[in-house]
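The values are calculated or read from the model by the stated rules, or taken from the named source; none is laboratory data. Remember, predicted model here, so these are calculated numbers, not experimental data. All Cβ positions, glycine included, derive from the backbone under ideal geometry; neighbour counts span all protein chains shown.
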Amino acid sequence: MSKELIQGIAAPFDRDNIDTDQIIPTEYLKSIKKFGFGDYLFDGWRYLDKGYLGMTSDQREINTDFILNQAPYQGAKILLTRDNFGCGSSREHAVWALRDFGFEAVVASSFGDIFFNNCFKNQILPVQLSKENISKLFDLVNKSSQSFDISLVSKELRVGSDLSISFEVDDNLLDRIIYNLDDVDITMKDKASIEIFESNHRNQRPWIFK
Amino acid sequence: MTATLYDKLWDEHLVQTYDSSESLIYIDRHYLHEVTSPQAFEGLRYKNLLPWRLNANVATPDHNVPTTRGDSFTADSIDDEVSKIQVMELDKNCNEFKILQFDIESKEQGIVHVMGPELGYTLPGMTIVCGDSHTSTHGAFGCLAMGIGTSEVEHVLATQCLKISKLKNMQVLFEGQPQNGVTSKDIVLHLIKMIGTAGGTGHAIEFSGSYIDSASMESRMTICNMAIEAGAKVGLIAVDQITLDYVQACSGLNEEGFEEASNFWNTLHSDNEAIFDKQITIDVASLKPQVTWGTSPEMTIDFDANIPTESDISKDHIENFKLAKAYMGLENTKTLQGLHFDRVFIGSCTNSRIEDLRSAASVIKGQKVSRTITEAIVVPGSGLVKMQAEKEGLDKIFEDAGFLWRDPGCSMCLGMNPDQLKPYERCASTSNRNFEGRQGNLGRTHLMSPIMAALTAITGTISDPS
């Protein structure tokens, strides 16, 4: 099964520089699992109390002012934000938390480099648009909640019939999401090239291999 | 064709290009710690794979470890059950896959970015990765070093390669010599203030200029460490005699081996005519000590300057600005001088090396921590740094002044162990991130140099180091 369309409510987060510590605080990085982080997404903003690994949303004091605690955004699939989303710590847990909450795409004017890479390993599409287009989307979403259609085939983001914005993303990276490909499996096809490189490298730079 | 240092390192490790923006790059050194590796080892097990090249990998627990361990402490002694599981999981994985680990009982254990270089596992010209964004630190040795996510940790374990896109080149020239009391930390914070936390995004930043030429390896590591805070996952510095002297002392290579390697290492600099996509020159002679006031490392000011007001901020950033001021409890505060501090933290992969401890000790010698400071802690970056400091009597200077002298680890930089701020406590910290909640839920972090943090401990507020 291939994933060609991401469709759902867009939650607006009108803020720059949202770092991965805000997406998921350090406390929850103590988990040794790859799943189960959805309840801790944006923990510091989403709840009024301090949580611990193992607590669930229904045990927490909810911050009703926070957008993901308000209808219809509890079921949002797309996050709309501004500059430099996912800067800071390399924690892939940030992407796992977005995924586990139910997000499938993040639309922003720019992303932290490491976060951007991590997205493609976990079926989350980072869509980078110009600041002008991001402002247009905020204008629409601020008037009334909107569902976005993001086509992974035509690389287009559509809001109803009013607005269509095309975006760029490397086809190989996009294929990872469309076909849910695993990087290790792909690279293992180049095993022979790695072996040849390594053998030459070992001869030329022996101190690395000591 | 001229090439930058980054271009040379890239080409040196290029295994394969594809019909896309990505290439396959060979990885020489892979550092691992307990937080970002468990899921990667699980992935190996699931796919029934073994690490591609065992001796590429070096592991140590650093994020979760308590800093009040003393003697005969084991992983089992950790009070926090989830932290204990994570540290034990690293033990288990390293034993099962036969990966070299400096475990919690090892005298060399430390913050991975402090421990690796001093044990000679970081050598010039290497590609180095770790599931930690501050891996950029190792760029100080003319390495191509970067932080990666856990899926990439698994990928490197399994294939010894990383599949990545090439970055653009950016050059930052630091010219001149700083005034007394101004350090590498102030210089890099000033840069982040100038270019912003996204200023280096998509770029590898090469640091050069007359300041860098004479800077120590410790200072160079501090600067490359915080490249990521300027948005650049790669920061790097050309190899010179200062690099070689440091490496000769740590690498364990015999004379012949060292000479052979040095012939190559001496080529690790950008060509004279190399072209950079972005360039910036900063005169460091005029800089004052820098302190952050807000919740992003770019929210930095001269220690004696006024905290910005709404009229200084562009419309696009006003919302972020107001939130930061409110979080930091600074809505009605004009300057940082006179502000009451509760805690002081000297440590982290940015500023816990011997030079940092010496400079902090030099300003507090014979003085006492202010009564208004609840707790001031010094956390050496590694077992070797701690031993060296004790040999020099620095521990006595700190303890006599009223500081707590702790065992190595990441500690209060991110508060994953018991060293955490309480809500609304204000901390003078030598770490790298002043994000909301970074040092503890609702805690307030001000980043600064070891000198400024030590001085804050003594006076209880931000003071003039001159």
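Got a number for residues in segment B:220-244 being in a helix (DSSP H, G or I) and of a type in the set (Lys, Arg)?
Result for segment B:220-244: 1.
Report yes if A:Tyr40 is under 30 Å from B:Ile318 (Cβ atoms), more than 11 Å from chain B (Cβ to nearest Cβ) and in contact with an Asp or Glu (Cβ under 9 Å, 6 or more places away or on another chain), otherwise no.
On the way: under 30 Å from B:Ile318 (Cβ atoms): yes; more than 11 Å from chain B (Cβ to nearest Cβ): yes; in contact with an Asp or Glu (Cβ under 9 Å, 6 or more places away or on another chain): yes.
Yes.
For B:Asn432, all conditions in the list (1) in a loop (DSSP other than H, G, I, E, B); (2) over 16 Å from the mean Cα position of the chain (by Cα); (3) not charged (D, E, K, R) hold save one; what is the number of the exception?
For B:Asn432, the failing item is (2).
Considering only residues that are in contact with a Leu (Cβ under 7 Å, 6 or more places away or on another chain) and crowded, with 22+ Cβ neighbours inside 10 Å, which ones fall in segment B:34-57?
Hits for segment B:34-57 are B:Glu34, B:Val35, B:Ser37, B:Ala40, B:Asn57.
Can you name the residue in segment A:27-54 that is aromatic (Phe, Trp, Tyr) and assigned to a loop (DSSP other than H, G, I, E, B) and is also nearest to B:Asn417 (Cα to Cα) among such residues?
A:Tyr52
Residue-by-condition table, conditions (1) in contact with a Gly (Cβ under 7 Å, 6 or more places away or on another chain); (2) closer than 29 Å to A:Phe209 by Cα; (3) not charged (D, E, K, R):
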residue: B:Glu154; (1), (2), (3): yes, yes, no
residue: B:Gly176; (1), (2), (3): no, no, yes
residue: B:Glu218; (1), (2), (3): no, yes, no
residue: B:Asn225; (1), (2), (3): no, yes, yes
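Consider only pairs whose beta carbons are under 6 Å apart and that are at least six residues apart or on different chains; among these, list those whose first residue lies in segment B:3-21 and is of a type outside the set (Gly, Ala, Ser) and whose second residue is assigned to a helix (DSSP H, G or I).
B:Val15/A:Ser193; B:Val15/A:Ile194; B:Val15/A:Phe197; B:Gln16/A:Ser193
Taking segment B:47-78 only, how many residues are without any contact (Cβ under 8 Å) to a residue 12 or more places away in the chain and either closer than 29 Å to A:His201 by Cβ or among the small types (Gly, Ala, Ser) (or both)? Before you say what the answer is, go through the steps one by one.
Here is the first cut: in segment B:47-78, the ones without any contact (Cβ under 8 Å) to a residue 12 or more places away in the chain are B:48, B:71-72, B:77.
Restricting the remaining residues to those that are either closer than 29 Å to A:His201 by Cβ or among the small types (Gly, Ala, Ser) (or both) gives B:48, B:72, B:77.
Within segment B:47-78, residues that are without any contact (Cβ under 8 Å) to a residue 12 or more places away in the chain and either closer than 29 Å to A:His201 by Cβ or among the small types (Gly, Ala, Ser) (or both) number 3.
Of (1) closer than 21 Å to B:Leu384 by Cβ; (2) surrounded by fewer than 14 Cβ atoms within 10 Å (Cβ to Cβ); (3) facing another protein chain (nearest Cβ under 8 Å), B:Asn64 satisfies all except one. Which?
Unmet for B:Asn64, out of (1) closer than 21 Å to B:Leu384 by Cβ; (2) surrounded by fewer than 14 Cβ atoms within 10 Å (Cβ to Cβ); (3) facing another protein chain (nearest Cβ under 8 Å): (2).
Tell me, which residue of segment B:122-138 that is closer than 18 Å to B:Thr222 by Cα, more than 7 Å from chain A (Cβ to nearest Cβ) and not aliphatic (A, V, I, L, M) is farthest from the chain's Cα centre (by Cα)?
B:Pro124
Listed residues B:Gly116, B:Gly139, B:Gly120, B:Gly147; which is on the phi > 0 side of the Ramachandran plot and at pLDDT 95 or above?
After applying the criteria, what remains is B:Gly120.
Working only within segment B:373-412, note down all residues that are within 25 Å of B:Ala59 (Cα to Cα) and of a type in the set (A, V, I, L, M, F, W, C).
Scanning segment B:373-412 gives B:Val378, B:Val379, B:Leu384, B:Val385, B:Met387, B:Ala389, B:Trp405, B:Cys410, B:Met412.
B:Glu256 versus (1) free of Cβ contacts under 8 Å to residues at least 12 places away in the same chain; (2) among the charged types (D, E, K, R); (3) assigned to a loop (DSSP other than H, G, I, E, B): which is the lone unmet condition?
Answer for B:Glu256: the failing condition is (3).
Scan segment A:39-57 and give yes if some residue there is in contact with a helix residue (DSSP H, G or I) (Cβ under 7 Å, 6 or more places away or on another chain) and among the polar types (S, T, N, Q), otherwise no.
yes
State whether the residues of segment A:67-83 include one that is surrounded by 18 or more Cβ atoms within 10 Å (Cβ to Cβ), within 13 Å of chain B (Cβ to nearest Cβ) and not polar (S, T, N, Q).
First, pick out the residues of segment A:67-83 that are surrounded by 18 or more Cβ atoms within 10 Å (Cβ to Cβ): A:68, A:76-83.
If we keep only those that are within 13 Å of chain B (Cβ to nearest Cβ) as well, we get A:81-83.
Now narrow it down to the ones that are not polar (S, T, N, Q): A:82-83.
Within segment A:67-83, one or more residues are surrounded by 18 or more Cβ atoms within 10 Å (Cβ to Cβ), within 13 Å of chain B (Cβ to nearest Cβ) and not polar (S, T, N, Q).
Somewhere in segment A:126-133, is a residue of a type outside the set (S, T, N, Q), at the interface with chain B (Cβ under 9 Å from one of its Cβ atoms) and either exposed (fewer than 15 other Cβ atoms within 10 Å of the Cβ) or under 20 Å from A:Phe103 (Cα atoms) (or both)? Quick ask: steps written out before the conclusion?
Quick first cut of segment A:126-133, residues of a type outside the set (S, T, N, Q) only: A:126-127, A:129, A:131-132.
Within this subset, residues satisfying the condition of being at the interface with chain B (Cβ under 9 Å from one of its Cβ atoms) are A:131.
Filter once more, keeping what is either exposed (fewer than 15 other Cβ atoms within 10 Å of the Cβ) or under 20 Å from A:Phe103 (Cα atoms) (or both): A:131.
Yes, the conditions are met somewhere in segment A:126-133.
Among (1) within 13 Å of chain A (Cβ to nearest Cβ); (2) over 14 Å from B:Leu287 (Cβ atoms), where does B:Ile192 come up short?
Condition not satisfied by B:Ile192: (2).
If I ask for residues that are more than 7 Å from every other protein chain (Cβ to nearest Cβ) and over 21 Å from B:His134 (Cα atoms), which ones from segment B:19-40 would you list?
B:Asp19, B:Ser23
Given the residues B:Lys334, B:Lys396, which is the only one that is surrounded by fewer than 20 Cβ atoms within 10 Å (Cβ to Cβ), farther than 30 Å from A:Thr20 by Cβ, in contact with a strand residue (DSSP E or B) (Cβ under 6 Å, 6 or more places away or on another chain) and more than 14 Å from chain A (Cβ to nearest Cβ)?
Values: B:Lys396 fails: in contact with a strand residue (DSSP E or B) (Cβ under 6 Å, 6 or more places away or on another chain).
Just one listed residue meets the conditions, B:Lys334.
Which of the following residues is assigned to a helix (DSSP H, G or I) and under 18 Å from B:Leu244 (Cα atoms): B:Gly139, B:Gly125?
Numbers: B:Gly125 fails: assigned to a helix (DSSP H, G or I).
The conditions single out B:Gly139.
Considering each of B:Ile458, B:Ile462, B:Ile373, B:Ile397 in turn, give the residue that is more than 30 Å from B:Leu119 (Cβ to Cβ), assigned to a helix (DSSP H, G or I) and modelled with pLDDT of 95 or more.
Working: B:Ile462 fails: assigned to a helix (DSSP H, G or I); B:Ile373 fails: assigned to a helix (DSSP H, G or I); B:Ile397 fails: more than 30 Å from B:Leu119 (Cβ to Cβ).
Only one candidate qualifies: B:Ile458.
Report, by residue number, each residue of segment A:157-171 that is under 17 Å from the mean Cα position of the chain (by Cα) and at the interface with chain B (Cβ under 8 Å from one of its Cβ atoms). Steps first, answer last, please.
Applying the first criterion (under 17 Å from the mean Cα position of the chain (by Cα)) to segment A:157-171 yields A:157, A:167-170.
Once the filter is applied, which keeps residues that are under 17 Å from the mean Cα position of the chain (by Cα) and at the interface with chain B (Cβ under 8 Å from one of its Cβ atoms), segment A:157-171 yields only A:Asp170.
Taking the condition in a loop (DSSP other than H, G, I, E, B) and closer than 22 Å to A:Ile114 by Cα, does B:Gly200 pass?
Values: in a loop (DSSP other than H, G, I, E, B): yes; closer than 22 Å to A:Ile114 by Cα: yes.
In short, yes.
Here is a list: A:Leu140, A:Leu98. Which entry is touching a residue at least 24 places away in the same chain (Cβ under 8 Å) and not polar (S, T, N, Q)?
Details: A:Leu140 fails: touching a residue at least 24 places away in the same chain (Cβ under 8 Å).
Result of the check over A:Leu140, A:Leu98: A:Leu98.
What number goes with the only condition from (1) facing another protein chain (nearest Cβ under 10 Å); (2) buried (at least 18 other Cβ atoms within 10 Å of the Cβ); (3) more than 30 Å from B:Trp10 (Cβ to Cβ); (4) out of contact with any strand residue (DSSP E or B) (no Cβ under 7 Å at 6 or more places or on another chain) that B:Ile104 does not pass?
Just one mismatch for B:Ile104, condition (1).
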